[in-house]
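Have a look at the structure below before the remarks.
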Amino acid sequence: MKAVVQRRYGSAVLGDLDVSVPGQGEVLLEVRAAGVDMGTWHLLSGKPYLLRFLGFGLRGPKCPVPGRDVSGVVAALGPGVTGFAVGDEVFGTCEGSFAEYAVAPVSRLARKPGNVSFTDAAAVPISGGTALQGLRDVEPGQRVLVLGAGGGVGSYGVQIAKALGAHVTGVCSTRKVGMVRSIADEVFDYTAGDFTGAYDLILDCGGNRPLSRLRRAATPRGTIVLVGAETGGAITGGFERALRAAAMNPFVSQKLVMLMSAERADVFDELRVLIEAGEVKPAVERTFPLSEALDAVEHVYSRRSIGKVVVTI
């Protein structure tokens with residue numbers, strides 16, 4: 001099969017690999033599309049270096065094929081697999097989705113929403129799942145602020161918060177205002193001025209606001225959810241802010257959350273229900289063929305993308 005092959009950090013090429021055989025509780029997928037998020041860039045580059053010590057490989061990546069978001073068709077079943085059959089259309093996550101075939105555990109797969117394409121489905125799992133888990137505390141009528149609303153997690157965050165009955169304000173750059181305005185109740189262009197107001201929950205997908213600024217914008221009993229960070233150095237990548245939030249949390253009235261989202265079938269199935277109900281629509285800005293997968297990753301890393309980017313196979 002054709003696949004993007006990465007033997008060391010910072011370098012990958014399109015090459016040929018043998019098709020893997022699914023093991024216990026796994027299926028072989030004929031990959032139709034693979035989503036791209038900032039996590040893909042981190043695993044390709046090996047930065048921040050903290051990731052290497054967290055189990056992704058010290059000298060080089062443990063998985064030779066990048067990519068995690070996936071949609072496709074079940075091509076073969078491993079031992080012990082129930083609930084899926086050859087030919088089923090699915091979406092979820094796996095190791096190595098930048099390839100014509102990939103092995104995925106059924107614990108991280110759900111049936112593809114029937115009303116969207118494989119391309120749209122591949123744009124959902126990690127970003128949509130992260131947003132959904134970050135908004136568990138939202139109640140109808142609350143005010144929610146989404147920072148980074150024009151990106152992958154942020155665009156899902158706005159829609160999911162709306163589906164939960166919240167009044168949603170999105171913060172984004174000028175070129176993303178149009179898209180965010182189409183899904184949010186209010187929009188702030190951060191290049192023109194800072195956001196105002198008091199919010200019951202803040203979903204920070206931007207990763208560059210000081211905790212003190214976020215706390216001033218939250219209500220006294222509000223929740224602040226930190227989703228990643230892209231403003232730190234090569235060693236920790238900005239995780240210091242999340243660690244400070246965790247240390248501060250027991251001593252303040254507000255709830256400070258360092259979100260560690262899980263990739264699970266039940267989460268993806270919740271997203272399927274929201275998509276089929278028309279309450280969440282994947283926003284795919286651009287697609288790239290497998291031969292240009294690294295260009296897709298660089299496009300996401302540049303922060304030029306509006307919504308999601310997908311590699312089609």
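The values are calculated or read from the model by the stated rules, or taken from the named source; none is laboratory data. Since the structure is predicted, the reported quantities are computational estimates derived from the model, not experimental observations. Glycine gets a Cβ as well: all are built from the backbone with ideal geometry, and neighbour counts include every protein chain shown.
Screening the candidates GLY178, GLY207, GLY150 for the property of being under 13 Å from GLY307 (Cβ atoms) and touching a helix residue (DSSP H, G or I) at 6+ places or on another chain (Cβ under 8 Å) yields one hit, GLY150. Scanning the stretch 118-138 for residues that are in a loop (DSSP other than H, G, I, E, B) and either surrounded by 24 or more Cβ atoms within 10 Å (Cβ to Cβ) or in contact (Cβ under 8 Å) with a residue 40 or more places away in the chain (or both) yields a count of 5.
Quick grid of which residues meet (1) buried (at least 18 other Cβ atoms within 10 Å of the Cβ); (2) outside the structural domain of THR287 (by TED's automatic domain parsing); (3) at pLDDT 85 or above; (4) outside any strand (DSSP E or B):
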site	(1), (2), (3), (4)
ARG32	yes, no, yes, no
LEU43	yes, no, no, yes
LEU51	yes, no, no, yes
LEU54	no, no, no, yes
VAL70	yes, no, yes, no
PRO79	no, no, yes, yes
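If the condition is being closer than 21 Å to THR174 by Cα and over 25 Å from the mean Cα position of the chain (by Cα), then the stretch 192-232 contributes ALA192, GLY193, ASP194, THR196, GLY197.
Being modelled with pLDDT under 95, farther than 30 Å from ARG108 by Cα and assigned to a loop (DSSP other than H, G, I, E, B) is a description that does not apply to GLY141.
Restricted to strands (runs of 3 or more DSSP E) entirely inside the stretch 201-313, those with at least 3 residues that are closer than 15 Å to GLY157 by Cβ are 218-226. The condition (being of a type in the set (Gly, Ala, Ser) and within 20 Å of the chain's Cα centre (by Cα)) is satisfied by just one residue among GLY151, GLY141, GLY165: GLY151.
Within the stretch 82-96, the set of residues being assigned to a loop (DSSP other than H, G, I, E, B) and touching a Pro at 6+ places or on another chain (Cβ under 8 Å) comprises CYS94, GLY96. Evaluate the following for LEU214: is it surrounded by fewer than 19 Cβ atoms within 10 Å (Cβ to Cβ) and either at positive phi or assigned by TED's automatic domain parsing to the domain that holds ARG136 (or both)? Criteria not met by LEU214.
Quick check, is SER173 buried (at least 21 other Cβ atoms within 10 Å of the Cβ) and within 20 Å of LYS308 (Cα to Cα)? The answer is no for SER173. Contact annotation: residue pairs with Cβ atoms under 7 Å, 6 or more positions apart or on different chains, pairing a residue in the stretch 284-298 that is buried (at least 17 other Cβ atoms within 10 Å of the Cβ) with a partner that is of a type in the set (Val, Ile, Thr) and in a helix (DSSP H, G or I), are VAL284/THR119; THR287/THR119; VAL297/THR40.
A single member of GLU276, GLU240 is among the acidic types (Asp, Glu) and at pLDDT below 95, and it is GLU240. Within the stretch 103-111, not a single residue is surrounded by fewer than 24 Cβ atoms within 10 Å (Cβ to Cβ), polar (S, T, N, Q) and either free of Cβ contacts under 8 Å to residues at least 40 places away in the same chain or touching a Phe, Trp or Tyr at 6+ places or on another chain (Cβ under 6 Å) (or both). The number of residues in the stretch 149-166 being in contact with a strand residue (DSSP E or B) (Cβ under 7 Å, 6 or more places away or on another chain) and in contact (Cβ under 8 Å) with a residue 40 or more places away in the chain comes to 7. Here the stretch 144-177 is the region considered, the condition is being in a helix (DSSP H, G or I) and of a type in the set (S, T, N, Q), and the residue that is nearest to MET258 (Cα to Cα) is SER155.
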